[in-house]
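To keep things clear, I will list the structure first and then write my remarks on it.
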Amino acid sequence: MAKLTRVQKASLEIASKGKQPHSIINAIKLLKTYPKRKFDQTIEVVMHLAIDPRQADQQLRGSVSMPKGVGKSARVACFCASDKVEAAIAAGAVEAGSEDLVKKIEGGWLDFDVAVASPDMMRFVGKLGRQLGPKGLMPSPKAGTVTPDIETAVAEFTAGKVEYRNDDAGNIHCIVGKMSFSDEDLIENLSFFLNMIIKARPAAVKGEFVKNCAICATMTPSVKIAI
């Protein structure tokens, strides 16, 4: 068996510590002790919730602007009336339009991260279920991506507002920042998100709500958080 390098040994030692629940402060500090990478890693939180994703009243979905941002911007496509196109582009949209944008996406264009739509455009956007649905790009009122105020929505998502939604196993993933962020900024973002999800607890859920919680970076093992 090949001998482990010093870096590999250090990683394994830290990973073993990460299996024990830590306070938010200590979890951030421990995560930052992993070996550095040549790029600024994205930090994500994962929560395993005691919800039944099959029940509509227990599903969690929305969008959030972290107090300290997340260190990245998003490419936003905006479905809007022709008189709103210039305003949407000025707010940061990479593309804006109505039926013309629908046709462009039907033709295979998907070079965006978030789709925003005004309510009157959803009759056109509904045709894109096969293109947008599997990629999680379909605009939704719950996620804040269907709104009359498209300029504000485009500006917020372009600036780093992020969406979250539970998966079929009851997990929620969300970006909380970059490894280059200060401990204080990461702690504030993480605390803000955890408190928001806890407050959004569905009334139908009884007993323990958060079964497990952990943070990790792009190329690190996870670190458990005590809730």
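The values are calculated or read from the model by the stated rules, or taken from the named source; none is laboratory data. Quantities reported herein were computed from a predicted structural model and do not represent experimental measurements. Neighbour counts are summed over all protein chains in view; Cβ atoms, including those assigned to glycine, are modelled from backbone coordinates with ideal geometry.
The single condition among (1) outside the structural domain of TYR34 (by TED's automatic domain parsing); (2) at pLDDT 95 or above that ASP183 does not satisfy is (1). When we screen ILE227, ILE175, ILE187 for residues that are among the aliphatic types (A, V, I, L, M), outside any helix (DSSP H, G or I) and under 17 Å from the mean Cα position of the chain (by Cα), the only hit is ILE175. The residues listed here are SER98, SER73; of these, the one that is of a type in the set (Gly, Ala, Ser) and either surrounded by fewer than 18 Cβ atoms within 10 Å (Cβ to Cβ) or in the same structural domain as GLN41 (by TED's automatic domain parsing) (or both) is SER73.
Taking GLY144 as the residue in question, decide whether it is at positive phi and surrounded by 17 or more Cβ atoms within 10 Å (Cβ to Cβ). Spelling it out, GLY144 is indeed at positive phi and surrounded by 17 or more Cβ atoms within 10 Å (Cβ to Cβ). When we screen PRO119, PRO67 for residues that are out of contact with any Lys or Arg (no Cβ under 7 Å at 6 or more places or on another chain) and closer than 16 Å to VAL154 by Cβ, the only hit is PRO119.
Looking only at segment 35-58, filter to residues that are in a loop (DSSP other than H, G, I, E, B) and out of contact with any Gly (no Cβ under 9 Å at 6 or more places or on another chain); which one of those is surrounded by the fewest Cβ atoms within 10 Å (Cβ to Cβ)? So the residue we want is LYS38. For segment 200-227, a tally of residues being surrounded by 16 or more Cβ atoms within 10 Å (Cβ to Cβ) and touching a Phe, Trp or Tyr at 6+ places or on another chain (Cβ under 6 Å) returns 1. Scan segment 106-119 for residues that are surrounded by 13 or more Cβ atoms within 10 Å (Cβ to Cβ) and farther than 10 Å from ALA77 by Cα and the total you get is 2. Contact map, segment 195-217: residues that are assigned by TED's automatic domain parsing to the domain that holds ILE172 and closer than 18 Å to ASN26 by Cα paired with residues that are crowded, with 16+ Cβ neighbours inside 10 Å and of a type in the set (S, T, N, Q), Cβ distance under 6 Å, separation 6+ or inter-chain. Pairs shown: ALA214/SER222; CYS216/SER222; ALA217/GLN41. Determine whether GLY129 is surrounded by fewer than 13 Cβ atoms within 10 Å (Cβ to Cβ), closer than 23 Å to ILE172 by Cα and free of Cβ contacts under 8 Å to residues at least 24 places away in the same chain. Considered against the rule, which asks whether it is surrounded by fewer than 13 Cβ atoms within 10 Å (Cβ to Cβ), closer than 23 Å to ILE172 by Cα and free of Cβ contacts under 8 Å to residues at least 24 places away in the same chain, GLY129 comes out as yes.
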